[in-house]
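Structure first, commentary second.
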């Protein structure tokens, strides 16, 4: 974060966005008037008036923090977004591209010429560049690569080589290292030679001649001790370190558990490679949470709310297709019992209740279990215990809600037998939901799959088809 | 975080948990054997063997970080959890209570005597105590309150007075302040008088005689500049500050945007009250995400996976009840068309598809809109634009998937008219879903309600009942 940027609180940011909106609206209005005007003075008027609001806009945007500009870009519809992007991009375009969402980033990059992109990319550090690289045309990456000094190039190659969920992909290479046999005074003198320390420097890394990490020296310790003391006698030797292939999720949990600001990343030999900082961890946590939320609703990726209709259709079709298939299967289950429904049409009205409550209850169970697995609270031997408990919950719920609905069915259709079938079907479907809610994530975990993915679809498919089958099956057996 | 604690990575933590499990299992086994043994040597054997594994366990747990102990406690079933809790609690009980989840915290607090709780609470800072206070018996809070020095008492009173989603509830009172007219040399000498600086001290707060905040001095700046320079000429005057009544969510977003480690909290007159640190922000973000995930599946609160069946039933009943009501309404909608279903039983098999796809599509829309609102991307005038787009998406999806299903219906039941009704009903229900998906969150936002809450239930209720009504209604009009 460079010093001269304005920092804005939430309210101010909203105001600023409103100002941008107003200026853009005025600009459009003037443009329309100018275009409508004919005759010799046309060019003159255009020259004077046309650019006025854009200049005011640029003046407003200039001092803003790249993250705030990114925020404003995301809140604008495509045409206005590109007008604003043209006004700001020369300044901090690389940083702004880093801050905007993936969907918006694409639209901005599309609007840029190759040389603009190269210039933007060259202002970034290797780790930032690696984040941006997947969205850049290959030609731009090649150009940037060639222009980098050897060390940076190595860093970029390293940063780009790690998968998105590995520590390597959130690490940076900005760190301050010191030797253990020097005094704090020497360290302080050394630091004064910097123009500025890397962001989030809360500790210095103590390394030997071969860059092996020996310990960490928190600034906290550096500042409260006498300057004659040697680094080696003060440094912490008990600290968290990661390797680049470690899961970023585990690193995030360590940051949370131990309240870290930065942590070193070392290779298998203990050689210092880089560090992870809390700001990257915060972004990672937020992105994970969002990803999960989107996946839960069946959105393939983050959607620019101003995306075209067609982009939205593409983003959503896979999930709808999957649900169509499961709904179709459920429909065929019902189809198999059409004779029974023809004889007792009440079944058609009651069956969605059995299926629906099963789905809700199953989703409660699976959410709880997936969360417990993610927190590491589920031991391999826990299946039996968890199943017993969930079956208990399902039995109670089945008897309570099932009886209630059984009575309702009896009252509505005047058949006590129908009520009993309803109660029994509800209870059985809830037991099915509980079994699946425990079993699906635990089995996925056991076979090395992500327990969180697709569980909700599977369980709903099961409780729908299963619910219809159980209810219509019992009805056919006992009421026909 | 005190220095002497072991820090453990994710894998080690799993190993440690396995060791705890093993030791507890051995302990139980020995206990059983001892209990079965009769005769004079009984007490002797018990005295020697019985405690052996527990001592080993205690030895293992002692050097662990409170957050890691908390993790292990959460992963143990209730009886074993209390055995482990008894072994550790004297040491860091306050800190551990802070780290465990709400559900587990309750069970631990229940097991403690009043004097133990008071002793535990007294080891905490005011802001930590305030976090714990809602779970403590009133008597314990009163005792602690009386034992605090006047300043701490004031802090505690302040910290407890803010709602959970306000900045005040995540702020602490540990900060280092300096005056602007002193040199860096004086500051460095002053810092050396501390035993340690507060955690997450990345900047000092520059205040005047009346504690009004004039600027901030990042340690970064302090360390790279010559010691003769005065604080006033180096301090940043452009910085983010919060008031205690600000939304914690807005503060979290500012931390994300500007990559902050700490930020000052001031009162309306600009007087420094405390600070917010990134570790609290990380916890807040994670909790928010979890809360949302739980609410989405209809779980009232975080559930201890070892909770009793009865506790689980209580945690889940409200959501099931709401869904039961909406399912019942949908069932009555079907009930109104029983004559039509009796005449054409295919309707019963096809209707859940129409309802189901509508629900899925509506949830996609609402998730996208709620997210965009949360990111501040939706302006008050955006409703029309968003609605137009979503209706476009719904039309395309309706025609594609609806036609597919229409053809399937035609092929299955040999009626082209039924196929057309199916296609039309699908399209109409998707349009309904799109309208509700845009309208519900935007209207909730307009009337000051949280756009995220309950949207999913509402939209599913609407697309279920609506889908049945549309499909059966069209069928009755055109096929009967």
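A short reminder: the numbers here are calculations on the coordinates, not readings from a lab. Predicted, not measured: the structure shown is a model, and the values here were computed from it. Because the Cβ atoms are built from the backbone with ideal geometry, glycine has one as well, and the counts that use them run over all protein chains shown.
Here the translational diffusion coefficient of region A:10-170 follows from Stokes-Einstein with Rh set to the Kirkwood radius across Cα pairs; for 4 °C and 1.567 mPa s it amounts to 74 µm²/s. Taken over region A:368-466, the alpha-carbon convex hull comes to 92 cubic angstrom per residue. Evaluated over the Cα positions of region B:143-199, the convex hull gives a direction-averaged projected area, one quarter of its surface, of 5.9 nm².
Please list, short to long, the whole-number percent of alpha-carbon pairs of the protein assembly as shown in consecutive 10 angstrom bins beginning at zero. With a bin width of 10 Å, the distribution comes to 2, 10, 17, 21, 20, 15, 9, 4, 1, 0, 0, 0. Computed from Cα positions, the angle between helix B:383-413 and the longest principal axis of chain B comes to roughly 50 degrees. Here the scattering of region B:431-480 is modelled by Debye summation over its C-alpha atoms, one equal scatterer each and no solvent; at q = 0.13, 0.22, 0.26, 0.28 Å⁻¹ the log10 of I(q)/I(0) is -0.39, -0.75, -0.91, -0.98.
Estimate the FRET efficiency between residue A:416 and residue A:26 by the formula 1/(1 + (r/R0)^6), using the beta-carbon distance for r and 60 Å for R0, to the nearest 0.05. Could you put the intermediate results ahead of the total?
Working: r = 73 Å, r/R0 = 1.22.
E between residue A:416 and residue A:26, to the nearest 0.05, is 0.25.
Simple spin-label estimate for residue B:268 and residue A:60 gives 2.9 nm between the two label positions (7 Å along the Cα-to-Cβ direction from each Cα).
Going 7 Å from the Cα of residue A:310 toward and past its Cβ, which residues in region A:75-115 have a backbone nitrogen under 20 Å from where you end up? Label zone hits: A:77-80, A:82, A:103-112. Contact order for region B:52-127, expressed relative to its length and based on alpha carbon pairs under 8 Å spaced 6+ residues apart, stands at 33 percent. Relative contact order for chain A: 10 percent, from Cα pairs under 8 Å spaced at least 6 residues apart, divided by residue count. The coefficient of translational diffusion for region B:98-159, derived via Stokes-Einstein from the alpha carbon Kirkwood radius under 25 °C and 0.890 mPa s, stands at 209 µm²/s. The alpha carbons of region A:192-239 occupy a box of 26, 26, 19 Å along the principal axes, longest dimension given first. In terms of the Cα gyration tensor, with a ≥ b ≥ c the square roots of its eigenvalues, is region A:309-479 rounded because a/c is under 1.5, prolate because a/b exceeds b/c, or oblate? Taking the square roots of the gyration eigenvalues as a ≥ b ≥ c, region A:309-479 is oblate. Semi-axes of the equivalent ellipsoid for chain B, computed as √(5λ) from the eigenvalues of its C-alpha gyration tensor and ordered from largest down, come to 54, 38, 18 Å.
Which percent of the Cα-Cα distances in region B:236-350 go past 16 Å? Beyond 16 Å sits 74 percent of the P(r) for region B:236-350. P(r) for region A:343-421, from all Cα pairs and a bin width of 5 Å, is 3, 13, 19, 19, 14, 10, 9, 6, 5, 2, 0 %, short bins first.
Highest first, please rank the peptides B:287-295, B:96-104 by the mean number of other Cβ atoms sitting within 10 Å of their residues.
Values: B:287-295: 16.7, B:96-104: 20.9.
The most tightly packed comes first, giving B:96-104, B:287-295.
Summary for residue A:329: label point 7 Å along Cα→Cβ; distances to the equivalent points in the other copies, ascending, 3.0 nm.
So, R0 is 45 Å and r is the distance between the beta-carbons of residue A:90 and residue A:229; what FRET efficiency does that work out to, to 0.05? Don't skip to the end; give the middle numbers.
Details: r = 49 Å, r/R0 = 1.08.
About 0.40, to the nearest 0.05.
Using the Cβ-Cβ distance between residue A:151 and residue A:209 with R0 set to 25 Å, the FRET efficiency works out to roughly 0.85.
Which angle from 0 to 90°, rounded to the nearest 10, does the C-alpha axis of helix B:346-374 make with the longest principal axis of chain B? Result, in degrees: 40.
For chain B, find the longest principal axis of its Cα atoms and tell me its angle to the long axis of helix B:278-296, 0 to 90°, nearest 10. Helix B:278-296 and the main axis of chain B meet at about 30 degrees.
Hydrodynamic estimate: the Kirkwood radius of region B:172-296 over Cα pairs, inserted into Stokes-Einstein at 10 °C and 1.306 mPa s, corresponds to D of 102 µm²/s.
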